Amino acid sequence: MEFLVPAQVETERLILRQWQASDLDGYAAAYDDPEHSKYIGGPCSRHMAWRRMATVIGHWHLRGYGFWAVQEKASGAFAGSIGLWYPEGWPELELGYWLTPDMVGFGYATEAARKARELAYEHLNIDTLISCIDHDNAGSRAVVERLGAVYERDHELLHFGQVQIYRHPSPSDLAATKGRP
């Protein structure tokens with residue numbers, strides 16, 4: 001399968017890349033933390049984390065794009081997962097993201113999400129993206145707002161419940177505000 005977006009890209013401080021078996025340790029640790037994982041599907045065992053990671057990898061092969069594994073350049077550490085998500089039954093193509101607890105608060109989500117959105121617009125010939133955010137997830141809301149996304153509506157996601165849909169600016173809107181989000 002040929003991917004529709006690059007399989008690996010870099011930002012100033014991060015590498016967005018394909019998944020490796022060694023990513024399971026960081027991935028499973030993030031899902032083992034009930035407080036941290038409540039916005040990304042909830043806590044689960046290492047076995048279920050493996051299955052979730054395999055689903056993310058499979059999305060790349062079914063759609064030609066997906067969530068990248070995020071690696072911090074300076075340390076080489078697994079930092080989370082950011083990318084493009086459109087499984088069966090989803091309302092639209094989503095820009096999603098999550099970081100491991102130790103990588104939160106450094107601006108990595110905004111940096112990587114901006115790059116993922118740029119790649120989606122450049123390679124997928126689309127005019128907009130959404131982000132689905134839990135009502136209580138203020139940190140995630142702050143990321144999309146920094147990127148210029150605006151609240152559009154509430155939506156019920158199967159297995160996730162009620163979320164807020166944020167609409168990202170189109171490529172033409174971004175070009176018109178060059179230098180801003």
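The values are calculated or read from the model by the stated rules, or taken from the named source; none is laboratory data. Being a predicted model, the structure only gives us computed values, none of them experimental. Counting neighbours? That spans all protein chains shown, and the Cβs are built from the backbone with ideal geometry, glycine included.
For every residue, the table says whether it meets (1) farther than 13 Å from V70 by Cβ; (2) of a type in the set (S, T, Y); (3) under 16 Å from the mean Cα position of the chain (by Cα).
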{"site": "T11", "(1), (2), (3)": "no, yes, yes"}
{"site": "S22", "(1), (2), (3)": "yes, yes, no"}
{"site": "A30", "(1), (2), (3)": "no, no, yes"}
{"site": "H36", "(1), (2), (3)": "yes, no, yes"}
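Residues in region 65-83 that are touching a residue at least 24 places away in the same chain (Cβ under 8 Å), touching a helix residue (DSSP H, G or I) at 6+ places or on another chain (Cβ under 8 Å) and farther than 11 Å from G26 by Cα were compared, and the one that is surrounded by the most Cβ atoms within 10 Å (Cβ to Cβ) is W68. Flag set for W98, criterion: aromatic (F, W, Y), in contact with a Gly (Cβ under 9 Å, 6 or more places away or on another chain) and either within 19 Å of G41 (Cα to Cα) or surrounded by 13 or more Cβ atoms within 10 Å (Cβ to Cβ) (or both).
For residues that are assigned to a loop (DSSP other than H, G, I, E, B) and among the polar types (S, T, N, Q), scanning just region 12-51, find the one that is farthest from A113 (Cα to Cα). If you could, list the steps in order and put the result at the bottom.
Filtering region 12-51 down to residues assigned to a loop (DSSP other than H, G, I, E, B) leaves 12-13, 18-20, 33, 38-45.
Adding the requirement that they be among the polar types (S, T, N, Q) leaves 18, 20, 45.
On the way: Q18: 16, Q20: 21, S45: 27 Å.
Restricting to residues being assigned to a loop (DSSP other than H, G, I, E, B) and among the polar types (S, T, N, Q), the top hit is S45.
In region 27-39, the qualifying residues are those that are out of contact with any Asp or Glu (no Cβ under 9 Å at 6 or more places or on another chain) and buried (at least 16 other Cβ atoms within 10 Å of the Cβ), and the one that is modelled with the lowest pLDDT is H36.
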